[in-house]
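Data first, discussion second: the structure below is written as structure tokens.
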Amino acid sequence: MSATERSSTQTSQGAAASVAIERLAKSFGNVEVISDLTVSFRAGAISVLLGASGCGKTTILRCIAGLEEPSAGAIRIHDRTVFSSHERINVPPERRNLGMVFQSYAIWPHMTVYENVALPLRAHGVPSAQARPRVLEVLRLVGLEGLEQRSATQLSGGQQQRVAIARCLVNQPELVLLDEPLSNLDAKLRVGMRTELRELQRRLNATMIFVTHDQEEAMSLADDIFLFRNGHLEQSGPGEALYRRPNTRYVAEFFGKANIFEAAARDAAGADELVPVRASAIIARGSFAGRAAAGRDVACMVRPEAWRIGLPDGAGLAGRIAEITLLGDRLELQVETEIGRQCVMVLGYAPVRVGEQITLSVAPEHVHFLPGE
Ligand SMILES: Nc1ncnc2c1ncn2[C@@H]1O[C@H](COP(=O)(O)OP(=O)(O)OP(=O)(O)O)[C@@H](O)[C@H]1O
Ligand SMILES: [Mg+2]
């Protein structure tokens, strides 16, 4: 028995997989696209991988699936080693018990929709009488009922993508890898499929690793978000933590809009006062103890919706409204100040005009200091 054979018999049945990646490296030729990556994905959760194009998201999924051989490191799926460069283990893809939807969905053009989706069941020797209700159920789930006999070439891009999702789910794998599976769907279907995927994941208690470019999709789908940058993990955690408490400027700017400037907290009677370095205005009063060292300049972030607008002669940072954009339910203002242009979001209607003088202030709890700067 080879090392590979031995390891693949150690799988535990029935439990949802968690994935642990240890010191993973992957090179193409002499270009290392992933180096020394250690990260793990929780069992029974949806983990979303985000990051700029070319940062290595697809490569990571393909390494987990066994479609790409890492240069070094180890990968464990629910404590079963599927790859280890030290132990010389490399379990083939078909024995990793996972389903994958590719970025280029890879469905078979010469088969019908039904045959494409039934393929994994046939490969596992499931009799056709048992396969049929399962295939029809996933086709209904992805909104393709009635199209079973259609040839795969006679489908739109979005329909082909749904065939790929159905095929991936038909076997109820314990680990599901999805590489931008909703990118070709129109906005409405996309939101619908998101909800369906989430319900399905909860029902199957499956572990899902999901790649997307869409921040809103990431926020609405993820239990945990993993933001990658040039093959390394920049920050991970629940979406809210990445949005409200980013570690670095890169993370702050990746999620939505961020106003970033240097400020210092100075001692005042009773409470600290936060003053931007290039201005003399006090923008917040409160306790900054433990968050910003008194007297030291630190990079801080204020989200657009956290700025409060005040009268021109009020306390705070003086500014002039340079631009107003109506975004349906909210207004986005660009406000010129001594510390540069600030993006300010106002929910609902506000009686403001371009050219008007205002002041900006912020509640202390909405000032976030960037620890990585
Ligand atoms: N087979 C290959 N041969 C050579 N280089 C490759 C190969 N596959 C990927 N790369 C390179 O590895 C890097 C990471 O690619 P990868 O496809 O993982 O990025 P990605 O994050 O999925 O990007 P996207 O968001 O555009 O899909 C890129 O620079 C890419 O050009
Ligand atoms: Mg990709």
_Residues that are surrounded by 20 or more Cβ atoms within 10 Å (Cβ to Cβ) and acidic (D, E), drawn from segment 218-238_ = E234
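Yes or no, residue by residue, for (1) under 17 Å from the mean Cα position of the chain (by Cα); (2) more than 16 Å from ligand 1 (Cβ to nearest atom):
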| residue | (1), (2) |
| --- | --- |
| A118 | no, yes |
| G125 | no, yes |
| A131 | no, yes |
| Q161 | no, no |
| L177 | yes, no |
| T212 | yes, no |
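Within segment 52-97, how many residues are of a type outside the set (A, V, I, L, M) and within 16 Å of ligand 2 (Cβ to nearest atom)?
Just the residues of segment 52-97 that are of a type outside the set (A, V, I, L, M), to begin with: 53-59, 62-63, 66, 68-71, 73, 76, 78-81, 83-88, 90, 92-97.
Pick out the ones that are also within 16 Å of ligand 2 (Cβ to nearest atom) and you get 53-59, 62-63, 68.
Number satisfying all stated conditions: 10.
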*Run Y114 past the list (1) aromatic (F, W, Y); (2) within 16 Å of ligand 1 (Cβ to nearest atom); (3) in a helix (DSSP H, G or I) and report the number of the one that doesn't hold.*
(2)
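Of all residues in segment 155-169, which are out of contact with any Leu (no Cβ under 6 Å at 6 or more places or on another chain) and either modelled with pLDDT of 85 or more or surrounded by fewer than 24 Cβ atoms within 10 Å (Cβ to Cβ) (or both)? Write out each step before concluding.
Filtering segment 155-169 down to residues out of contact with any Leu (no Cβ under 6 Å at 6 or more places or on another chain) leaves 155-157, 159-161, 163-165, 167-169.
The answer is L155, S156, G157, Q159, Q160, V163, A164, I165, R167, C168, L169.
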*When you look at G286, is it in contact with a strand residue (DSSP E or B) (Cβ under 6 Å, 6 or more places away or on another chain) and in contact (Cβ under 8 Å) with a residue 12 or more places away in the chain, yes or no?*
no
_So, in segment 274-321, exactly how many residues are part of a loop (DSSP other than H, G, I, E, B) and among the β-branched types (V, I, T)?_
3
*Before we move on, is R122 at pLDDT 90 or above, in the same structural domain as V19 (by TED's automatic domain parsing), touching a Leu at 6+ places or on another chain (Cβ under 9 Å) and at negative phi?*
no
*Can you pull out the residues in segment 80-104 that are within 16 Å of ligand 1 (Cβ to nearest atom) and surrounded by 22 or more Cβ atoms within 10 Å (Cβ to Cβ)?*
M100, V101
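Condition check ((1) touching a residue at least 60 places away in the same chain (Cβ under 8 Å); (2) at negative phi) across all residues:
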| residue | (1), (2) |
| --- | --- |
| I309 | no, yes |
| G328 | no, no |
| I339 | yes, yes |
| A363 | yes, yes |
*Within segment 70-79, identify whether any single residue is assigned by TED's automatic domain parsing to the domain that holds G237, at pLDDT below 95 and surrounded by fewer than 19 Cβ atoms within 10 Å (Cβ to Cβ), and answer yes or no.*
yes
*Among the residues of segment 216-224, is any in contact (Cβ under 8 Å) with a residue 24 or more places away in the chain, away from ligand 1 (no atom under 13 Å from the Cβ) and over 13 Å from P238 (Cα atoms)?*
yes
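When segment 123-137 is examined, which residues are found to be within 15 Å of E148 (Cβ to Cβ) and out of contact with any helix residue (DSSP H, G or I) (no Cβ under 7 Å at 6 or more places or on another chain)? Outline the logic, then answer.
At the first step, the residues of segment 123-137 found to be within 15 Å of E148 (Cβ to Cβ) are 128, 131-137.
The answer is S128, R132, P133, L136, E137.
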_Is it the case, given these coordinates, that R244 is more than 16 Å from ligand 1 (Cβ to nearest atom), of a type outside the set (V, I, T) and more than 22 Å from I77 (Cα to Cα)?_
yes
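At pLDDT below 95, surrounded by 13 or more Cβ atoms within 10 Å (Cβ to Cβ) and touching a Leu at 6+ places or on another chain (Cβ under 9 Å): which single residue out of A271, A318, A293, A299 fits that description?
So the residue among A271, A318, A293, A299 that is at pLDDT below 95, surrounded by 13 or more Cβ atoms within 10 Å (Cβ to Cβ) and touching a Leu at 6+ places or on another chain (Cβ under 9 Å) is A299.
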*Can you confirm whether segment 263-275 contains a residue that is over 33 Å from the mean Cα position of the chain (by Cα) and under 17 Å from L360 (Cβ atoms)?*
yes
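Strands (runs of 3 or more DSSP E) wholly in segment 174-266 with at least 3 residues that are within 16 Å of ligand 2 (Cβ to nearest atom) and more than 26 Å from S27 (Cα to Cα) - which ones? Quick ask: steps written out before the conclusion?
Working: elements: 175-179, 207-211, 224-229, 232-237, 259-266.
Ranges flagged: none.
The values are calculated or read from the model by the stated rules, or taken from the named source; none is laboratory data. Keep in mind that this is a model prediction, so the values were computed, not measured. Because the Cβ atoms are built from the backbone with ideal geometry, glycine has one as well, and the counts that use them run over all protein chains shown.
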